[in-house]
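Each remark here refers to the structure printed beneath this line.
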Amino acid sequence: MIWTTFRLAVRQLFRNPGRTALTSLGVLIGVAAVIAMVSIGRGATKSVNDDLAAFGKNLLFVVPGGGHGPGRGLGKPFSEADVQAIELDVADVLEVAPTDNQSVMAAWDTLTWRTTLTGTTNAYLSVMDWQLATGRAFDGGELLAGSDVCLLGQTVVEELFGSRPPLDEELRVGTLTCRVVGTLAPKGQNSFGQDQDDLVLVPLRTFQRRLRGSHDIAMIFVAATPDADSARVKEDLERLFEERRHIREGAEPDFSVRDMAEMLSMLDNVATVLTGFLAAVAAVSLLVGGIGIMNIMLVSVTERTREIGIRLAVGALPRDVLLQFLVEAVVLSGLGGILGILVGIGISALVSWALGIPLVVDPLVVLLAFAFSAFIGVIFGYFPARRAARMRPIDALRHE
């Protein structure tokens, strides 16, 4: 019975393929939009999460400025004694990397390139997951003495040296001339569009003496041990700096401790809300498609009034007529749903490729989008089908 009704519905719909295609188009666009929005949103979220997680979920960083955000002048800078206090007094700390940075013009021979100069220690390499491509890291004597040596990111190497090996070359960065002792392995752009390879590293003391003219430290990266509770390490850091910076109870601190695990969780929550909102907006087009289906089915009922009268006159039950038109509406919406899935996945793949983000297609979202499209067919097809089923045979046969 159902199979016969389905075949009749398909045959009827394809008598006018143009109208069938246009009617299904609204559902197609709705399903495709929902799948594309959710997939692109989740792909972008995964890309950002992967970038942040590359530093390790147990990474924390301490910045001056309290609740107003990081930046020099918003809070008292840190000192070398603060770094030593973290190493001695905070449990479950694996590495501590003090840093400061400044935008400078780098020059070699006749070539120049604006880059970021960062003063730090070798701990920065492990904390930020940097690998060496050539050469070596700073040795203990260079770090202690503040020697004029540097490590280059791949972008700086390519812009200034091209294919020429940069090791042992003299590079001018700002007011400092340093000897290149190593290069960093490439990382490429992160999800925020920043070139991670556009940097020059020098020993922290070199940076302080030659550029800052002080012993200030702008930011401290702290890597906790893999099995440590980063939330507890954050509390210990906050307690330590409140004591060292004499923050009274209830007063706003002039520093902030950021937890990478906390940032990842917050980012996931925001991305989930935004993705859901975009999917809800896209789902509105499904309702528009449903209205289109109801409109066409009402037209179809009017056009086939005599056919309905003949079927009822020869013994068809009202429920048979109801099922006939209901199946036609579901087939219309189902066809749009299937094509919408293909188009949605195609759009997701194209955008993911263009933006360089992972393609994340959730089978559950695809299934729900298709189920919703079929549900739209039932809801908006029921009224025309009910109208057809309630016709009186004698009135239907008189219709011209």
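Would you confirm, using the coordinates I've provided, whether Val202 is at pLDDT 85 or above, closer than 30 Å to Glu159 by Cβ and surrounded by 20 or more Cβ atoms within 10 Å (Cβ to Cβ)? Taking the combined requirement at face value, the residue satisfies it. Counted as qualifying within segment 126-230 are the helices (runs of 4 or more DSSP H) with 2 or more residues that are over 27 Å from the mean Cα position of the chain (by Cα), under 23 Å from Glu80 (Cβ atoms) and of a type in the set (A, V, I, L, M, F, W, C), namely 140-145, 204-207. Here Gly65 fits the description: surrounded by 14 or more Cβ atoms within 10 Å (Cβ to Cβ), outside the structural domain of Ile247 (by TED's automatic domain parsing) and on the phi > 0 side of the Ramachandran plot.
Just the residues that are assigned to a strand (DSSP E or B), among the β-branched types (Val, Ile, Thr) and in contact with a helix residue (DSSP H, G or I) (Cβ under 9 Å, 6 or more places away or on another chain), please, taken from segment 105-125. Across segment 105-125, the qualifying residues are Thr112, Thr115, Thr118, Thr120.
The values are calculated or read from the model by the stated rules, or taken from the named source; none is laboratory data. These numbers come from a predicted model, not from an experiment. Reconstructed Cβ throughout: ideal geometry from the backbone, glycine too, with neighbour counts over all protein chains shown.
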